[in-house]
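Each remark here refers to the structure printed beneath this line.
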Amino acid sequence: MAAVTVLALTAATGSQAATGAESATGSETATARLPDHYVIPGESAFPTGVAYDPRSGHYYVGSAQDGTLYRGHVRKPTARVWSPDERDGRSFTAGMTIDGEGRLYVNGGGTGTLRVYDTATGALLTRLNGAKGGFVNDVTVAADGTAYVTDSFKPVVYRLTEDERGRWKLEHWLDVDASGIDWVDGQHNLNGIVAIGTGHLLAVQSNTGKLWRIDRSTGRTAEVDLGGHTLANGDALAWRDGRLYVTQGNLYADPGTQPQVAVIEMNDALTHGRFVDRLVPPGGLLHPSAAALTDHDRLLVVNSQYNRWVAGLPPESLPFTVSSLPLGRRTTAPGPHSPGSGPAATAGTR
């Protein structure tokens, strides 16, 4: 389940808004003290999406179990309930993001819904519906405020806009069947999506492991050349400084597949990508779903355990957590058979 948009992050703004002014000489020490994971309370939370607000240092996490929304702060070890289950009819969450105005987008997966909240007040700003029988999965917001949303079960990419009167519109923007993407009914297809610069989107296809570049002006779609590698079970996407971070879970427990975050170095035209690293914390990841970059050179990764939830099984491990992975240094060296380090068989997953 995916859920990531990379905002234009300013390192000083988020941390200072939450903790007060911090001296430049002390910022490295403060960052080093950040927790390496955050606890999501509840024995059946099964967290899914995550969004990060650089203005305040808060992150938001949603639940697959009942739609609860949690909020935490990057300097505190445990999140708390921010919006309880069933509020506004919300019973399931998938991808999430926060736009430049601090509004929280929450996708509803198989409930076919998308909601937008004011993070300052908690007020619901709009509730919209995707195609009947779809799975409204991931969302990204471009620099101009336009949001793009994937539907993993229906061959469409939605576009969400707000006019000058505050009226929201969700339209069927891209016909995926006509785009050249190999769509497979009954499987999780397009999942993670991220807007890059002013002109393009990148989207990962979970069931094939392919990465797609989409032109925002024309809708023209082309497969990204990954040099023979695939992103099997690709879920969330995050982008910073020419690198794409891709969470890879393992919904169907394929032999030899280790959950990880693949790091792909992209060329300027977004036509080619090269696998350069994999991020796995000590102890590993538990079906990583959503991810969000913070302004502390860290990547928040949700240990969703969604593979257990969808099978009707209890969690493998408690408490539920969100890992905080430092960027810029390898956490686990890539092995010769690790996912993303060579051609791989794929299966329809989330």
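The numbers here are math on the coordinates, done by the rules we state, and not lab data. None of these values were measured; they are calculated from a predicted model. Quick reminder, even Gly has a Cβ in these numbers, built from the backbone with ideal geometry, and neighbours come from all protein chains shown.
A few remarks follow.
- Taking θ as phi - 60° and the Karplus parameters 6.51, -1.76 and 1.60, the scalar couplings of segment 169-182 work out to 9, 10, 10, 6, 8, 10, 7, 5, 4, 8, 8, x, 6, 7 Hz in sequence order, x denoting glycine and proline.
- When peptides 170-178, 285-293, 85-93, 137-145 are ranked by their average number of other Cβ atoms within 10 Å per residue, the highest-first order is 285-293, 137-145, 85-93, 170-178.
- Cβ-defined net charge surrounding Gly197, 15 Å radius [Lys, Arg +1; Asp, Glu -1]: 0
- Here the spin labels are modelled as points 7 Å beyond Cα on the Cα-Cβ line, and at Ala178 and Asp36 they lie 5.1 nm apart.
- Close amide H partners of Ala236, meaning residues 5 or more places away or on another chain with modelled amide H under 5 Å apart, are Ala3, Thr247.
- Taking a straight Cα-Cα cut-off under 29 Å and skipping sequence neighbours fewer than 8 places away in the same chain, the lysines within cross-link reach of Lys169 are Lys132, Lys154.
- Under Karplus coefficients 6.51, -1.76 and 1.60, residue-wise ³J(HN,Hα) of segment 277-294 in Hz, glycine/proline x: 6, 9, 10, 9, x, x, x, x, 10, 10, 6, x, 10, 7, 8, 8, 7, 10
- Fully extending the segment from Arg308 to Thr78, taken as 0.36 nm per residue of separation minus the present Cα-Cα distance, adds 80.6 nm.
- Segment 298-327 and segment 76-100: distance between their alpha carbon centers, rounded to Å: 16 Å
- Radius ratio Rg over Rh of segment 54-207, counting only Cα atoms, Kirkwood formula for Rh: 0.96
- The gain in end-to-end length when the Trp168 to Val276 segment is fully stretched comes to 34.9 nm, 0.36 nm per residue minus the alpha carbon separation.
- Potential lengthening of the chain between Asp241 and Glu223 amounts to 4.4 nm, from the contour at 0.36 nm per residue minus the alpha-carbon distance.
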